[in-house]
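To keep things clear, I will list the structure first and then write my remarks on it.
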Amino acid sequence: LGFVGNAREEAADTFLKLYKLFLAKDATQIEINPLVETSDQQVMCMDAKFGFDDNASFRQKGVFSLRDPTQEDPREVQAEKWDLNYIGLDGRIGCLVNGAGLAMSTMDIIKLHGGEPANFLDVGGSATAKQICEAFKIISSDSGVSAALVNIFGGIMRCDVVAQGIIDAVKELDLKIPLVVRLQGTNVNEGKKLINESGISIFPCDDLDKAAELVVKLSDITSLAQKVGVHAKLSLA
């Protein structure tokens, strides 16, 4: 790395301490940027970014006691309370998906059709109807969201549980934004039956590409209506 003289020993000592810190504190990230060598051959960490494994909070109480939720996105804090993985983004299309890989591919295909995702929200593989309802509360709390796409592949997750959560959320929140729902996998027929018999306005779609194309178009329509001060209630013809 180009360190010479006393700086070489100081650099080696710094690297060893960082490595020990990484192991001892269950870190996921220890980033020093910049690391500098002064004119008198001192090695100094000028700024740092640390990340720690949430699963280790029970044995790293000292580290996690330093957390300040007021400095975090309140939606992410709320999501964590319900064991949901949420990251807010700048788009207008809310996403509710199970599995990080499926969530990433869902956001990609939305962008492919000209839309922008408003969030990354992974409900995991064993969410309850209540957790699904809470997920919709988080999505709908973003005033910039003009449509939402639910993309669920049921393995451990049952589609009928997801469907019940969707129905509960739409009724409890009086959801105004158009909602496109794609369900596949375990108990998919039961889930579709629940939605069809619920009487709520939902746009079902089995094909992910068509679902993404549809939600982008619905988002554009809703956004345009919002700009001119009109409430657009959309439903299937």
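The values are calculated or read from the model by the stated rules, or taken from the named source; none is laboratory data. None of these values were measured; they are calculated from a predicted model. When we count neighbours, we look across all protein chains shown, and the Cβ atoms used for this are built from the backbone with ideal geometry, even at glycine. Heads up: the accessible areas ignore ligands, DNA and RNA and are worked out on the full protein's heavy atoms, side chains in. Shrake-Rupley method; radii C 1.70, N 1.55, O 1.52, S 1.80 Å.
Numbers below:
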item	result
FRET efficiency, residue 173 to residue 71 (Cβ-Cβ, R0 25 Å, nearest 0.05)	0.35
For the chain: relative contact order, % (alpha-carbon pairs under 8 angstrom, 6 or more apart)	14 percent
Test item: Cα-centred dipole of the range 1-135, Lys/Arg +1 and Asp/Glu -1 on Cβ, debye	360 debye
Estimated 222 nm signal from helices in the chain, with DSSP H stretches of n ≥ 4 weighted -39500 (n - 2.57), rounded to 500	-13500 deg cm²/dmol
Percent carbon-and-sulfur accessible area, the chain, ignoring ligands, DNA and RNA, probe 1.4 Å	54 percent
Rg(Cα)/(2.2 N^0.38 Å) for the range 88-223, N = residue count	0.92
Contact order relative to length of the range 76-174, as percent, for alpha carbon pairs under 8 angstrom and 6 or more apart	32 percent
Percentage relative contact order, the range 162-215, counting C-alpha pairs under 8 Å, at least six apart	46 percent
Equivalent ellipsoid semi-axes - Cα gyration tensor, the range 138-212, angstrom	19, 14, 11
Counted charge near residue 194, where neighbours are those whose Cβ lies closer than 12 Å (Asp, Glu -1; Lys, Arg +1)	-1
Sequence ranges 117-128, 58-69, 9-20, 75-86, ranked by mean other-Cβ count within 10 angstrom, highest first	117-128, 75-86, 9-20, 58-69
Interatomic Cα distance distribution for the chain, bins of 10 angstrom, percent	7, 27, 26, 16, 13, 8, 3, 0
Residue 111 paired with residue 16, simple spin-label distance in nm, labels 7 Å along Cα-to-beta-carbon	4.3 nm
Size of electric dipole in the range 96-237: Cβ of Lys, Arg +1 and of Asp, Glu -1, about Cα centre, debye, nearest 20	220 debye
Beta bridge orientation in the chain: antiparallel %, DSSP, nearest 5	45 percent
Nearest-0.05 FRET efficiency for residue 1 and residue 104, computed from C-beta distance (R0 30 Å)	0.30
Accessible area of the chain divided out per residue, in Å², using a probe of 1.4 angstrom	56 Å²
Under 15 Å, Cβ to Cβ, from residue 74 - net charge with Lys/Arg +1 and Asp/Glu -1	-3
Efficiency of FRET between residue 209 and residue 54 - r from beta-carbon atoms, R0 35 angstrom, step 0.05	0.55
